[in-house]
Amino acid sequence: MFYYEKKLQYPVRVSTCNPMLAKFLIEQYGGADGELAAALRYMNQRYSIPNKVIGLLNDIAMEEFSHLEMIATMVYKLTKDATPEQIKAAGIADHYVDHDRALFYHNAAGVPWTATYIQAKGDPIADLYEDIAAEEKARATYQWIIDLSDDPDLNDGLKFLREREVVHSQRFREAVEILKEEQGKKKFF
């Protein structure tokens, strides 16, 4: 069961209309290392992971959905007042022709989201290392977007999201250690 509190996890502000930044942010919306892929990966993996870490996967998956909501809000705010000329100049005219200003799950290059982004091996340790890698790739992508951004208000939200990726990576590392410790214990029947 889920409880939805009708507010963003962290406030989203933008200083100015900037469709180019929106194009970059779409990577975190529908890209391979974005928030949707992460949320669905963790939700899926929780069915084949030991009970000791199921809650962790569920909690982080739900937080990833809240991050998806933040990215959607950022993209909306960056594009809502954009002119067709600004949209063309930002390189998102193809998106505009298909979807207007509606969000669509694709990456910054316009490649549609695919379930092949989601990894699940069924081996808890392998899956958790995949999750660590996903969080670190998302952290790096947030940093690169921050590097390209000149919007201090937007950067505030992006820095929050980048730091949450670090926390998630740390939690997954802790889960690996918990499961490794379990593997090494003798079992008595």
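The values are calculated or read from the model by the stated rules, or taken from the named source; none is laboratory data. These numbers were taken from a predicted model, which means no experiment stands behind them. Note that we place each Cβ from the backbone using ideal geometry, even for glycine, and neighbour counts take in every protein chain shown. Keep in mind that these areas ignore ligands, DNA and RNA; they rest on the heavy atoms of the full protein, side chains included. Shrake-Rupley method; radii C 1.70, N 1.55, O 1.52, S 1.80 Å.
Remarks
- Just one of the numbered conditions (1) surrounded by fewer than 15 Cβ atoms within 10 Å (Cβ to Cβ); (2) modelled with pLDDT under 95 is not true of R46: (1).
- Test: Q28 is over 21 Å from E163 (Cα atoms) and open to solvent by less than 50 Å² (accessible area, probe 1.4 Å): no
- Count of the stretch 118-172 residues, restricted to those that are open to solvent by 40 Å² or more (accessible area, probe 1.4 Å), touching a Leu at 6+ places or on another chain (Cβ under 8 Å) and closer than 25 Å to P19 by Cβ, is 1.
- Any hit, the stretch 103-110, residues being open to solvent by 70 Å² or more (accessible area, probe 1.4 Å), more than 27 Å from V75 (Cβ to Cβ) and either touching a Pro at 6+ places or on another chain (Cβ under 8 Å) or among the hydrophobic types (A, V, I, L, M, F, W, C) (or both): no
- Within the stretch 60-68, not a single residue is open to solvent by 40 Å² or more (accessible area, probe 1.4 Å), in a loop (DSSP other than H, G, I, E, B) and of a type in the set (F, W, Y).
- Test: residue in the stretch 72-81 that is assigned to a helix (DSSP H, G or I) and of a type in the set (D, E): no
- Failed item, numbered, when V14 is tested on (1) surrounded by fewer than 18 Cβ atoms within 10 Å (Cβ to Cβ); (2) in contact with an Asp or Glu (Cβ under 8 Å, 6 or more places away or on another chain); (3) part of a loop (DSSP other than H, G, I, E, B): (1)
- Where E181 falls short, out of the listed (1) open to solvent by 80 Å² or more (accessible area, probe 1.4 Å); (2) in contact (Cβ under 8 Å) with a residue 40 or more places away in the chain: (2)
- Residue within the stretch 34-53 that is in a helix (DSSP H, G or I), in contact with a His (Cβ under 6 Å, 6 or more places away or on another chain) and within 30 Å of I92 (Cα to Cα) present: yes
- Look at the stretch 80-97: where a residue is open to solvent by 60 Å² or more (accessible area, probe 1.4 Å) and a partner is assigned to a helix (DSSP H, G or I), sitting 6+ places away or on another chain with Cβ atoms under 7 Å, you get Q86/P19; Y96/I87.
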